[in-house]
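The values are calculated or read from the model by the stated rules, or taken from the named source; none is laboratory data. Quick caveat, the model's predicted, so the values are computed rather than measured. Here the Cβ positions follow ideal geometry from the backbone for every residue, glycine too, while neighbour counts run over all protein chains shown. The area values use the complete protein model at the heavy-atom level, side chains included, leaving out ligands, DNA and RNA. Shrake-Rupley method; radii C 1.70, N 1.55, O 1.52, S 1.80 Å.
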Amino acid sequence: MDIFSAFTLLGGLALFLYGMHVMSSGLEKVAGGKLESVLRKMTSNPVLSLCLGAGITIAIQSSSALTVMLVGLVNSGVMQFGQTIYVLMGSNIGTTLTAWILSLSGIDSDVFWINLLKPSSFSPILAVVGVILIMVSKSDRKVSIGNILVGFAVLMFGMGFMSDAMAPLSEMPEFQSLLTVFSNPILAVLIGAVFTGIIQSSAASVGILQTLAGTGSVTYAMAIPIIMGQNIGTCVTALLSGIGVSKNAKKVAVVHLTFNIAGTVICFIPFLIANYLLDLSSMYITPFAIAVAHTIFNVTTTVILAPFARLLEKFANFVLKSDNDVTADVHLDERLLTVPAFAVAKAMDTTCEMAAVSKSAVTDAITLFDGFSEKRAEEIRAVESKLDRYEDRLGTYLVRLFSSDVDEAGNKKIELMLHTVSDFERIGDHASNMVKLAEELHNKRIDFSAEARSELRVLFDALTEILEITVDAFEKNDTRKASRVEPLEQVIDSVIGEMKMRHISRLKNGNCSVEMGYILTDLLNNCERISDHCSNVAVAMIESQHGTFETHSYLDMVKNQSDGSFYDMYNSYLSKYSLSSRTSRSGLKKP
């Protein structure tokens, strides 16, 4: 083996790892949104969780990536630590698929259809199809599928380069002497763990072992301990992802490491017995047999340890006794950025939380005008600070997401969130302003007149409804419900306009003081701004479906709809929220 063969070997390894990365990224894009919804429906059923872990790992072709996701999901509060244990066990089974696919390279037949099963036979076809999809398709999903096909083809070409470079090794005395190191089972386990930890992919590590086995120089006694070590090495990624997270999230990495070490210890003793009785050091292993051994090892360890899942959980709780560092402020986790679909979904959940908090702030502030409470006022002020943190963290997170490889649907959600988080934050600011006004009334021992209070009740009812419609529409992504916001917003503007006119009339008649007028005007202005922000959110939701955020164009469009639905809703709300002592008010007519 000369220097050029070494270059070929390294180049093949680089192509193999790059192909694995491209294929995994494409699979994550295609399946990411579905995986997120599946994880949300996690149950305590162990069998279902095992299947989910295996299925997700097959879908994204990386047990390490799944473990990082679970750490992020636990850290951000989407999942509980206990829910991840069976998923982790299932991921070990799912990671065996790659070895089976790579083992097909050993097929040798003169029959066309059988020979076509060899990856080296069909991967060029996949490469051509993949490149065509990437160059021609406008759909992000089809481009991702193209990346999957090209990634697989690159992976297989890298495998071929490594096989060609390693072929002469079997005849080299130096290589044979090097293999004697692997004859020590404990060293073989350590080498498998260290190498897998370095490249952070057990699937890639097994693939490289299969390539080495293709030289005809690797025995069962060498390969099986390496396979055991590879399962331990894949925990490195989880351990690294556990840095700087809550203790509950760290427990995910602890369970993953404990499970794989325990599985290796359990299977190592039967291996030593089999090696003694059958002399496995004299039996050479094939790539296909490696896939079989890899699967048997992972399935066996899962079957044996699955009944002790709760014991693993208790052990992790013993190692990390306290989770007091988990705070209510932990909403987003950068580890989820490794799978953009998960990150987008979590960001949307956090924005929905923010929307609900802002709505509660306003509804709580309204109650202060019926009876002021310093405790409730302090709680609302604390909520306003919390909304500021929401806006700051979401803004930073969403900008990071924009630089990730997000599909078209994900980009629309990111744009929608960027357009709305500031509105939800401002709603909280106006709720805080309302608290100050209620506090001023309380401290000065003054109150609105009975007539003004009656009018305010109508306005508060309308304000409560527009908030409920807006938040509910946003949480459910219901654009039809969002279309009801703008007519109600204009009715609120109309109610506020009339209340100001009535206040001026009372002021002229001496039934209201100038000081009360200032407070009422400030309160009405805050109510008007809250309804304006609700309108902004609703318009952003509807316009995001079209990929534009032209608010004025949208408002002009809805007011000129031929079916007159906008005006029907406007007149309905106008009738519902009429001021009790008003004179006749004419509604709007359809254009």
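Annotations
- Residues in region 360-372 that are open to solvent by less than 60 Å² (accessible area, probe 1.4 Å) and modelled with pLDDT under 90: G371, F372.
- The residue of region 501-515 that is modelled with the lowest pLDDT, among those that are open to solvent by less than 70 Å² (accessible area, probe 1.4 Å) and under 22 Å from L463 (Cβ atoms), is C512.
- Test for V252: is it open to solvent by 10 Å² or more (accessible area, probe 1.4 Å) and over 20 Å from P270 (Cβ atoms): no
- Within region 218-249, the set of residues being modelled with pLDDT of 80 or more, open to solvent by 10 Å² or more (accessible area, probe 1.4 Å) and either of a type in the set (S, T, Y) or outside any helix (DSSP H, G or I) (or both) comprises Y220 only.
- Residue identified as open to solvent by less than 90 Å² (accessible area, probe 1.4 Å), closer than 16 Å to V539 by Cβ and in contact with a Gly (Cβ under 8 Å, 6 or more places away or on another chain) among V471, V421: V421
- Unique match (being among the small types (G, A, S) and under 25 Å from E353 (Cβ atoms)) among A450, A473, A438: A473
- Of all residues in region 443-456, those that are under 11 Å from M499 (Cβ atoms) have Cβ atoms under 6 Å from Cβ atoms of residues that are open to solvent by less than 50 Å² (accessible area, probe 1.4 Å) and at pLDDT below 85, 6 or more apart or on another chain, in E455/L579.
- Filtered residues of region 278-323 (kept if over 30 Å from the mean Cα position of the chain (by Cα) and of a type in the set (V, I, T)): I285, T286, I290, V292, I296, T300, I304
- Any hit, region 553-572, residues being under 27 Å from T420 (Cβ atoms), of a type in the set (S, T, Y) and modelled with pLDDT under 75: yes
- When region 190-206 is limited to residues that are open to solvent by 20 Å² or more (accessible area, probe 1.4 Å), in a helix (DSSP H, G or I) and in contact with a Ser or Thr (Cβ under 8 Å, 6 or more places away or on another chain), the one that is modelled with the highest pLDDT turns out to be F195.
- Condition check for V458: open to solvent by less than 10 Å² (accessible area, probe 1.4 Å) and at pLDDT 90 or above: no
- All of G428, G395 fail the test of being open to solvent by less than 10 Å² (accessible area, probe 1.4 Å) and either in contact with an Asp or Glu (Cβ under 8 Å, 6 or more places away or on another chain) or assigned to a helix (DSSP H, G or I) (or both), apart from G428.
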